[in-house]
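Trainee: I have a structure I would like to understand better, so I am pasting it below and will then ask my questions one at a time.
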Amino acid sequence: FSKGVVIPEMAFMVFQLTFAAITTALIVGGLAERVKFSALLVFSVLWFTLSYLPMAHMVWFWGGPSAFGDPSGFLFAKGALDFAGGTVVHINAGIAALVGAIVLGKRIGYGRDAMPPHSLPMTMIGASLLWVGWFGFNAGSNLEATGGAALAFINTILATAAAGMSWMLAEWMLRGKPSMLGVASGVVTGLVAVTPAAGLVGPMGAIVLGGVAGVVCLWGVSGLKKALGYDD
């Protein structure tokens, strides 16, 4: 914080709880249509307790100046920089979803029956709401309204737009036409890519991050998934 700036402990607790909630929810996409709701509830409690909490403390905890050598989290002490959750949220949830999808196996009919999103308008509404909400995560992670928050805010616009564009253009080249589903997928890709660096890179860095991420993640869902044979 800047000197003299504080926020209520309860406000910080609620802010952190929103990260914890969405991280657990992110995993569900990898397990869709293959797990009982009751089992999902049990998994969510166990995963949050045994995976999310340790990772959050390893990456984000810093005890501040003290007489005991500034206690800090394991990864924080090693120099890990995660501005708004790239490690704590996205790698953490992504690996859990991937392992869950592999352990549970494929959906019935996967690879044989067409399984497009059930509603493209709902997909677009969801992606749009996600983008708006992401400003709260990335800019809010600065914890005070300064130039750092403004940088995180603009990077969240630029990287996301760049990823949506790069996914769309790559899809256009590969398949002969762009798609709104592709743009929405690229948008989510850009949001994820810029999150750990949102307040640490410049605007041009954010554009490059998003542009590369869009193409790489298009390959991930079209090439890598087929090569490894999982259903997420």
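The values are calculated or read from the model by the stated rules, or taken from the named source; none is laboratory data. Model, not experiment: these values are computed from the prediction. Methodologically, a virtual Cβ is constructed for each residue, glycine included, from the backbone with ideal geometry; neighbour enumeration extends over all protein chains shown. Quick note on the areas: whole protein, heavy atoms, side chains included, nothing else; ligands and nucleic acids left out. Shrake-Rupley method; radii C 1.70, N 1.55, O 1.52, S 1.80 Å.
Trainee: May I ask you to say which residue of Leu169, Leu143, Leu129, Leu120 is aliphatic (A, V, I, L, M), out of contact with any strand residue (DSSP E or B) (no Cβ under 6 Å at 6 or more places or on another chain) and either buried (at least 19 other Cβ atoms within 10 Å of the Cβ) or on the phi > 0 side of the Ramachandran plot (or both)?
Mentor: Leu143
Trainee: Among the candidates Leu181, Leu209, single out the residue that is more than 11 Å from Thr160 (Cα to Cα) and open to solvent by less than 70 Å² (accessible area, probe 1.4 Å).
Mentor: One residue alone meets the criteria, Leu181.
Trainee: Is it fair to say Ser222 is in a helix (DSSP H, G or I), among the hydroxyl-bearing types (Ser, Thr, Tyr) and open to solvent by 30 Å² or more (accessible area, probe 1.4 Å)?
Mentor: yes
Trainee: Can Leu104 be described as open to solvent by 40 Å² or more (accessible area, probe 1.4 Å), touching a residue at least 24 places away in the same chain (Cβ under 8 Å) and within 19 Å of Val188 (Cβ to Cβ)?
Mentor: no
Trainee: Also: Can you pull out the residues in the stretch 191-210 that are assigned to a loop (DSSP other than H, G, I, E, B) and either more than 14 Å from Phe135 (Cα to Cα) or out of contact with any helix residue (DSSP H, G or I) (no Cβ under 9 Å at 6 or more places or on another chain) (or both)?
Mentor: Of everything in the stretch 191-210, those that are assigned to a loop (DSSP other than H, G, I, E, B) and either more than 14 Å from Phe135 (Cα to Cα) or out of contact with any helix residue (DSSP H, G or I) (no Cβ under 9 Å at 6 or more places or on another chain) (or both) turn out to be Leu200, Val201, Gly202.
Trainee: Go through (1) modelled with pLDDT under 95; (2) over 21 Å from Glu33 (Cβ atoms); (3) under 18 Å from the mean Cα position of the chain (by Cα) and name the single condition Ala139 misses.
Mentor: (1)
Trainee: On to the next question. Do we find that Leu26 is in contact (Cβ under 8 Å) with a residue 60 or more places away in the chain, open to solvent by 50 Å² or more (accessible area, probe 1.4 Å) and under 20 Å from the mean Cα position of the chain (by Cα) in this structure?
Mentor: yes
Trainee: What is the number of the single condition among (1) open to solvent by less than 50 Å² (accessible area, probe 1.4 Å); (2) touching a strand residue (DSSP E or B) at 6+ places or on another chain (Cβ under 8 Å); (3) not hydrophobic (A, V, I, L, M, F, W, C) that Asn92 does not meet?
Mentor: Unmet condition: (2).
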